[in-house]
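J.: Submitted below is the structure of interest, expressed as structure tokens.
The values are calculated or read from the model by the stated rules, or taken from the named source; none is laboratory data. Every value quoted in this text rests on a predicted model; they were computed, and no experiment measured them. Backbone-built Cβ (ideal geometry, glycine too); neighbour counts: all protein chains shown.
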Amino acid sequence: MSKKDLRIFSGTANPALAERICEYLGIGHSEVSVTRFPDQEVDVKIAEDVRGCDTYVLQPTSTPANEHLMELLIMIDCLRRASADRITAVVPYYGYGRKDRKDEGRVPITSKLVANLITTAGADRVLAVDLHASQIQGFFDIPMDHLYAFPVIVKYLRDLRLPDLTVVAPDVGSLKMNRAYATALEAGLAFIDKRRLSPEETAVLDIVGEVNGRNIVMVDDMVATGGSIVEAVRLVKSLGAKRVFVAATHPVLAGNAVKRLGKLDVEKYIFTDTIPLGGKEINNCEILTIAPLLGEAIRRIHDSESVSYLFNVDYEVLR
């Protein structure tokens, strides 16, 4: 299959990222019309012939998650009915990822439901970045490629050349991820023991590791309300940490997160463009693009090459 058979479509959630991916691939952005009926139901029309094409639909299912998810499902259905040869759902941010198991009685497993919806709509493959729970990969009965923003963020942090560096996991759940960062950055490692009081609030119990007189990097897959980061930054600062850098793949920034984060003594917030910030701006914020990462993954899927190569922190696209 040649490059002329490759088509990139975007919903309304993050068209700028789709444009950057097309620029990386050296192809034009495919045309699609996404409109609303008077009652706000979603309507989609593909503006070009896709019969026999290898098609990719880029759409993070971020806020408003329900609208963006419906756009994704309808675009997939539209391409299937237009006889596309293969449809890959490119979901940089996978919404509803928090509900990946039954942690109490009478609750849904919403991330499995979303996987079923994407598959039933007609997707042949899914490509996502930094799932909130890795087991979501197993919820799909179609090929699922799970990429990590790790190489993109590590390159930025290496270029800062921070001395006396300690990577601090803001909670035990992110310890494995932060250990990988500590190894790549040749830094120390610490983690914070916390208890979640509600979806918005957490209580910090203790810290394991040395932070006094150290520069700190905290990494998580997303910043939603900012509750965990607020408590973690305050703790390390009270224990004598010097500069603090906070990195996350997905800047969800729900509720009053921007206001809360803006009050913290943080040197730099480092996010990627999986989700557009829109009007949710933080002054000391750096946005890194994952367009080369997703673009290279799309190229490799299209050419039937290995995608696991992109897990390498030093892969040549980012050199």
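J.: If we only count helices (runs of 4 or more DSSP H) wholly inside segment 210-319, which ones have 2 or more residues that are closer than 18 Å to residue 128 by Cα and not acidic (Asp, Glu)?
T.: Ranges flagged: 291-302.
J.: Where residues in segment 8-57 are of a type in the set (Phe, Trp, Tyr) and in contact (Cβ under 8 Å) with a residue 24 or more places away in the chain, which of them is farthest from residue 143 (Cα to Cα)?
T.: 24
J.: Next question, about the same structure. When the residues of segment 199-209 are narrowed to those that are surrounded by 14 or more Cβ atoms within 10 Å (Cβ to Cβ) and part of a loop (DSSP other than H, G, I, E, B), which ends up modelled with the lowest pLDDT?
T.: The selected residue is 200.
J.: Of the residues that make up segment 297-319, is at least one polar (S, T, N, Q), in contact with an Asp or Glu (Cβ under 6 Å, 6 or more places away or on another chain) and under 30 Å from residue 143 (Cα atoms)?
T.: Looking for residues that are polar (S, T, N, Q), in contact with an Asp or Glu (Cβ under 6 Å, 6 or more places away or on another chain) and under 30 Å from residue 143 (Cα atoms), one finds none in segment 297-319, hence no.
J.: Which of the residues spanning segment 270-292 are closer than 15 Å to residue 60 by Cβ and touching a residue at least 60 places away in the same chain (Cβ under 8 Å)?
T.: The answer is 272, 273, 274, 275, 276, 289, 290, 291.
J.: Does residue 12 qualify as being β-branched (Val, Ile, Thr), at pLDDT 95 or above, over 21 Å from residue 124 (Cβ atoms) and assigned to a strand (DSSP E or B)?
T.: No; evaluated as a whole, the condition is false for this residue.
J.: Something else now. Which residue is farthest from the chain's Cα centre (by Cα), if the candidates are limited to segment 140-173 and must be aromatic (Phe, Trp, Tyr) and either under 18 Å from residue 59 (Cβ atoms) or assigned to a loop (DSSP other than H, G, I, E, B) (or both)?
T.: 140
J.: For residue 255, only one of the following conditions fails: (1) under 16 Å from the mean Cα position of the chain (by Cα); (2) on the phi > 0 side of the Ramachandran plot; (3) surrounded by fewer than 16 Cβ atoms within 10 Å (Cβ to Cβ). What is its number?
T.: Unmet for residue 255, out of (1) under 16 Å from the mean Cα position of the chain (by Cα); (2) on the phi > 0 side of the Ramachandran plot; (3) surrounded by fewer than 16 Cβ atoms within 10 Å (Cβ to Cβ): (1).
J.: Separate question: Enumerate the strands (runs of 3 or more DSSP E) found wholly within segment 18-131, keeping only those where 3 or more residues are surrounded by fewer than 17 Cβ atoms within 10 Å (Cβ to Cβ).
T.: So the answer is 32-36.
J.: Something else about it: For the subset of segment 271-306 comprising residues that are of a type in the set (A, V, I, L, M, F, W, C) and within 25 Å of residue 124 (Cα to Cα), which member is surrounded by the most Cβ atoms within 10 Å (Cβ to Cβ)?
T.: Going through the qualifying residues, I end up with 294.
J.: In segment 174-198, how many residues are among the charged types (D, E, K, R), modelled with pLDDT of 95 or more and either in a helix (DSSP H, G or I) or surrounded by 20 or more Cβ atoms within 10 Å (Cβ to Cβ) (or both)?
T.: The number of residues fulfilling the criteria is 1.
Per-residue answers, yes or no, for (1) modelled with pLDDT under 95; (2) closer than 24 Å to residue 144 by Cβ; (3) not hydroxyl-bearing (Ser, Thr, Tyr):
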{"site": "51", "(1), (2), (3)": "no, no, yes"}
{"site": "65", "(1), (2), (3)": "yes, yes, yes"}
{"site": "70", "(1), (2), (3)": "no, yes, yes"}
{"site": "77", "(1), (2), (3)": "no, yes, yes"}
{"site": "84", "(1), (2), (3)": "no, yes, yes"}
{"site": "93", "(1), (2), (3)": "no, yes, no"}
{"site": "108", "(1), (2), (3)": "no, yes, yes"}
{"site": "111", "(1), (2), (3)": "no, yes, no"}
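J.: Can you give me the number of residues within segment 115-147 that are under 25 Å from residue 230 (Cβ atoms) and either touching a residue at least 40 places away in the same chain (Cβ under 8 Å) or of a type in the set (Val, Ile, Thr) (or both)?
T.: Result for segment 115-147: 4.
J.: Give just the number: which of (1) surrounded by fewer than 16 Cβ atoms within 10 Å (Cβ to Cβ); (2) of a type outside the set (A, V, I, L, M); (3) under 19 Å from residue 69 (Cα atoms) does residue 9 not satisfy?
T.: (1)
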